[in-house]
1. What percent does the relative contact order of the chain come to when contacts are Cα pairs within less than 8 Å and at least six residues apart?
2. Between residue 170 and residue 140, what is the spin-label point distance in nm, taking each point 7 Å from the Cα along the Cα→C-beta axis?
3. If I take all pairs of Cα atoms in segment 132-251, what percentage of them are more than 20 Å from each other?
4. Give the cross-link partners of residue 106 among the lysines, using a straight C-alpha distance below 28 Å as the criterion and excluding same-chain residues fewer than 8 apart.
5. Of the DSSP beta bridges with both residues in the chain, give the percent that are antiparallel, rounding to the nearest 5.
6. What are the residues whose amide H is under 5 Å from the amide H of residue 70, where those residues sit 5 or more places off or on another chain and H is modelled from the backbone?
7. Which of rounded, prolate or oblate describes segment 91-156 when judged by the alpha-carbon gyration tensor and an a/c cut-off of 1.5?
8. Along the three principal axes, how long is segment 31-84 when you take its alpha carbons, biggest first, rounded to the nearest angstrom?
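Read the figures in this text as sums done on the coordinates, not as results from a lab. This structure is a prediction, so every number in the text was calculated from the model and none was measured. Reconstructed Cβ throughout: ideal geometry from the backbone, glycine too, with neighbour counts over all protein chains shown.
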Amino acid sequence: MPERQQQGGVAPPAINFQKLSLAFNGEVLFDDFSTTIPAGSCTCLLGPSGCGKSTLLKIVSGNPNLDYDGWVSFSGGDTPGISWMAQNDLLLPWLSVLDNVLLGAKLRSETTPALRYRAEQLLSEAGLAGLGAKLPSELSGGMRQRVALLRTLMENRPVILMDEPFSALDALTRMKLQNLAARLIQGKTVLMVTHDPMEAMRLADRVLVLRGRPAHLVYSLDMDGQTPRDPEDSQVQHGYVQLVKLLMEES
């Protein structure tokens, strides 16, 4: 899979898991697990609940509460800038919607009029126009998830981790936000957890399916063409059927 160049000519890194072992509550979650997440592309993780998908994201993010053996490394050596979207929106309740979207820039004292204008544009594209001054408590769960997604994408980091970023959205809004995200993650190394096979088919350059305890990879699919893909595309339909059959084996 060819490595894409991020804006400005900086290549995003590959993520390498090497001989990863981790036990949780006395049960082995990973045992000598190794795989590589390709640089500059979107990889979607699917699999049954509890198989370790979210844990892999937490390990990449540098979560200090996970005591594991093995290595997680990035091509190029240095730990890159990482933007992380957890399953919970984690919005700060005392900040407005706009200020939540701009949180990273505010913490770094980098907020500019141009950045605020970009954030307002993204809010409009996400169906949240005119809500920038609202507090999170005034929004629905789906709206809050959209704000969390925009906050993640506004960071413009070379590595993006997303844990079920569209799960709280209705079908039409989900597709609209997938289209927006597909544009904004181009050229970045993205690792995304989803339970939706069609979502993976539309957004992923590579799909990985995890299964078992300890978790292991049971399927890998590389996709061609630009994202977001048309759900009616023959490649998408074929891959979707394969994934559904595979995932139903665990249900």
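1. It comes to 26 percent, rounded to a whole number.
2. With each label point 7 Å from Cα toward Cβ, the separation is 0.5 nm.
3. Numbers: 3378 of 7140 pairs.
Beyond 20 Å sits 47 percent of the P(r) for segment 132-251.
4. 58, 134, 176, 188
5. Numbers: 18 of 35 bridges.
Within the chain, antiparallel bridges account for around 50 percent of the total.
6. Excluding prolines and chain starts, which carry no amide H, the hits are 21.
7. prolate
8. Cα spread of segment 31-84 along its principal axes, largest to smallest: 31, 26, 23 Å.
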